[in-house]
Amino acid sequence: MKLIFSLSLILSFMMVADDHNDTEMYEPNKAEYYLFKFKEGKDADDLIRWSQEWSKWSQKGEAADAFKNYNVTLLFPYYHGDATSLDGVWVGVSPNSTEHFKGNQYWVENGQKLLKTLPVINHQITETWQRQISDTKDGTAGYAVYMDCNLGEGVTGAQHYEAAFNYAKAAQALGDNIGRKMIWPSTGMKPGWDYDFVYLMYSSSISEMGSWEDTFWNEYVDLPEKKALDDLGGKCFNARSYSAMSIK
C-alpha cells in the first residue's frame, strides 16, 4: 500500500514541477539498484574492470544513444548493519522513464556477451523514482548514507520535500556541500519493506562527510528551516553507508 501511495506522490510531483521553477526545485528522475555478491574467486577489482568495459561498450554505436543519459555509480559497504549481506550496489540513474527503459531494452537485446562475463550475482534489483534535494558543488559522490524513512502523521511527501529543500538551501548559503535525495522504490523491493521513502545523503569524499557532521552541530542544527523540517515529524531507520565510485 505504501508503494502505491508513494507512486501517487511522484505523479503529483511531476504534474506540479513547472510551478516550482522559480524556486529551482528538482524534477523526479529514475534510478535502478542492483544489489550483488561477488562470484567465487572474484572481487572489487574484477567488477571495476568489467564496469569500465561496460562503460566503453555503452558509448559506442547504437548503445551510445541508448545510454547517453544513463549514469552509473558503484557503492561498496562501509558502515553497515549486515556487511555480509551484500558486496556492493550498482546504481544506474536516468532522467526519466522513457530514457531508462530504452536503455533496459537495448541491454536485454544486445548485452548478452558482456553479461556472461559479469563477475557478480545480483540478488535484488530495485527500480525507483527519486528526487534531488541538493547536490555537492562538483556534482560528485564519494560517500553515501541511505536511511529508510516514514513521514510524519498527516504529512505528504510533497510537504516533506519542500521543507527538506528549504533547509538544504539555507544550509548551502552557509557553505553546506552535501547532496540529498528522497527515493521511492516502485518495483523489486523485498516483501515486508514498510516505509514511505528512502533518504540519501552523500558527500564528494569520505572525509568531507566527517567535516560536515562537525559543522552541522555548530552551524546548521539551529536553522529555522531545520526546525520547520523537524516539526513535520517522521523518523528514519537503518542508516547504512557506502564508499562510492563513479563509472559513467
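Per-structure values
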{"read-out": "Where a residue in the range 192-212 is free of Cβ contacts under 8 Å to residues at least 60 places away in the same chain and surrounded by 13 or more Cβ atoms within 10 Å (Cβ to Cβ) and its partner, wherever it lies, is part of a strand (DSSP E or B) and of a type in the set (Phe, Trp, Tyr), with Cβ under 8 Å and at least six apart", "value": "Tyr199/Tyr146"}
{"read-out": "Meets criteria (part of a helix (DSSP H, G or I) and touching a Lys or Arg at 6+ places or on another chain (Cβ under 7 Å)) for Ser55", "value": "yes"}
{"read-out": "Restricting the range 186-243 to residues that are acidic (Asp, Glu) and within 29 Å of Ser97 (Cβ to Cβ), the residue that is modelled with the lowest pLDDT", "value": "Asp194"}
{"read-out": "Residues (farther than 18 Å from Glu27 by Cα, of a type in the set (Phe, Trp, Tyr) and not in a helix (DSSP H, G or I)) located in the range 90-148", "value": "Trp90, Tyr143, Tyr146"}
{"read-out": "Residue pairs meeting the criteria (Cβ under 7 Å; at least 6 apart or on separate chains; first at positive phi, in the range 220-248; second surrounded by fewer than 18 Cβ atoms within 10 Å (Cβ to Cβ) and at pLDDT below 95)", "value": "Asn238/Gly81"}
{"read-out": "Residues of the range 86-110 satisfying the condition of being surrounded by 13 or more Cβ atoms within 10 Å (Cβ to Cβ) and acidic (Asp, Glu)", "value": "Asp87, Glu99"}
{"read-out": "Pairs with Cβ under 7 Å, 6+ apart, first in the range 109-127 and within 17 Å of Val91 (Cβ to Cβ), second in a helix (DSSP H, G or I) and of a type in the set (Phe, Trp, Tyr)", "value": "Leu118/Trp50"}
{"read-out": "Neighbours by Cβ (under 7 Å, 6+ apart or cross-chain): first from the range 66-85, in contact (Cβ under 8 Å) with a residue 12 or more places away in the chain and surrounded by 16 or more Cβ atoms within 10 Å (Cβ to Cβ); second of a type in the set (Val, Ile, Thr) and in a loop (DSSP other than H, G, I, E, B)", "value": "Val72/Ile247; Thr73/Ile247; Leu74/Ile247"}
{"read-out": "Among (1) farther than 14 Å from Tyr146 by Cβ; (2) surrounded by 14 or more Cβ atoms within 10 Å (Cβ to Cβ) - the single one Lys113 does not satisfy", "value": "(2)"}
{"read-out": "Tally of residues being aliphatic (A, V, I, L, M) and under 26 Å from Asp196 (Cβ atoms) across the range 114-159", "value": "9"}
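The values are calculated or read from the model by the stated rules, or taken from the named source; none is laboratory data. Note that the structure is predicted; figures quoted are calculated from it, not measured. Positions of Cβ are generated from backbone atoms using ideal geometry, with glycine treated the same way; all protein chains shown enter the neighbour counts.
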